[in-house]
1. Considering the zone a paramagnetic label at Glu225 would reach in this model (a point 7 Å from Cα along the Cα-to-Cβ line), which residues of region 232-266 have amide N under 12 Å from it?
2. If I histogram all Cα-Cα distances within region 198-292 using bins 10 Å wide from 0, what percent of pairs lands in each bin?
3. Tell me, how many Å apart are the Cα centres for region 131-189 and for region 100-120?
4. Using the Karplus curve 6.51 cos²θ - 1.76 cosθ + 1.60 with θ = phi - 60°, what ³J(HN,Hα) values do you get for each residue of region 135-145, in whole Hz, with x for Gly and Pro?
5. Return the single residue from Phe246, Phe61, Phe136 with maximal mean-square fluctuation; model: Gaussian network over the chain, springs between Cα atoms under 10 Å.
6. If you take the Cα atoms of the chain, find Rg, then find the Kirkwood Rh from the mean of 1/r over all pairs, what is Rg/Rh?
7. What are the radius of gyration and Dmax of region 20-114, computed over its Cα atoms and given in Å?
8. Go ahead and set up a Gaussian network model of the chain, Cα springs under 10 Å, then flag whichever of Leu126, Leu208, Leu77 fluctuates most.
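Any read-out appearing in this document is the output of simple, stated calculations on the displayed coordinates, not a laboratory observation. The shown structure was predicted, so the numbers you read here are calculated from the model rather than taken from an experiment. Cβ: placed from backbone, ideal geometry, glycine included. Neighbour counts: every protein chain shown.
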Amino acid sequence: MQLLDGKFVSEKLKNDIAAQAADFLKETGRKPHLVAILVGNDGASETYVASKMKNCEKVGFQSGLIRYDSSITEAELLNKIEELNKNPQVDGFIVQLPLPKHIDAEKVTEAIDYRKDVDGFHPINLGRMQRNLPCFIPATPYGIMLMLEEYGIDTTGKYCVVIGRSNIVGSPMSILMARNNNPGNCTVTIVHSKTPDIKEYTRKADILIAAIGKADFVTADMVKEGAIIIDVGINRVESAETKSGFKLKGDVKFDEVAPKSSYITPVPGGVGLMTIVSLLKNTLAAAKREVY
Ligand code: GUN
């Protein structure tokens, strides 16, 4: 079993991004600029956004955080998005999800100029990704592809099962793994909450990507000997072991699944760190106008 080390790979990629950001500053007199909008104060979202901002600073990007109370109206949020779309100083921006129920997340996603949509959630980016055209790829799936690439894992001809069909991870992940590229070139199945017997599929998977958001969901009996296991889960579970009173757990029961696997990502220290690097890569590409 080999650990897919998100810390090592993300640090390496961040060094490369920082060097490119320094060159960009020399050439243009400005830094790549990412803005995040955070609505409300969901604990997990607060942590993710703070980490995104901190990492921008680390690689020499300009960053900005716009915070709103959860009572903000949809119209107010759409106005701010329009302002950011027009602001030439801003290369890319994201609206952290989830949003309060009274705001239509689909409307918000589609209001973002696809050329600044460094989350890759806009239907234009999603459609272009499916056709293998230049686009912004959603950060978590992109990070997983970068990790597979970094370890030189040939996925061609393999059977890949993705657990979960979210717009953010499961759905784009399945598209990427089926595309005519390596990593990719897989036969892909998505299983989800309405799949009658998930294990029937996962047991056959050469590559298993767990993005279901349930701690310890994938157990040893669900996994094929020698499989590659990618754990996207970041589940906060209560724990007496830590000072904060909770700890992070993946969707995979690591201790029993790891010995059966050929490669596996740990939680924390795996996919989560790659997600942030991918967002930085998309922002740099937006600043350099490499995509659009
Ligand atoms: N919520 C969970 N993951 C993400 C992400 O990658 N981007 C945004 N905007 N919200 C999220």
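1. Hits in region 232-266 for Glu225 at 12 Å: 260-261.
2. In whole percents, the pair-distance histogram is 16, 38, 25, 16, 4.
3. 22
4. Result, ordered by residue: 6, 8, 9, x, 4, 5, x, 4, x, 5, 4 Hz.
5. Between Phe246, Phe61, Phe136, it is Phe246 that shows the largest mean-square fluctuation.
6. Across the chain, the Cα-based Rg/Rh ratio is 0.96.
7. Both quantities, over Cα of region 20-114: 14.2, 44 Å.
8. The residue with the greatest mean-square fluctuation here is Leu77.
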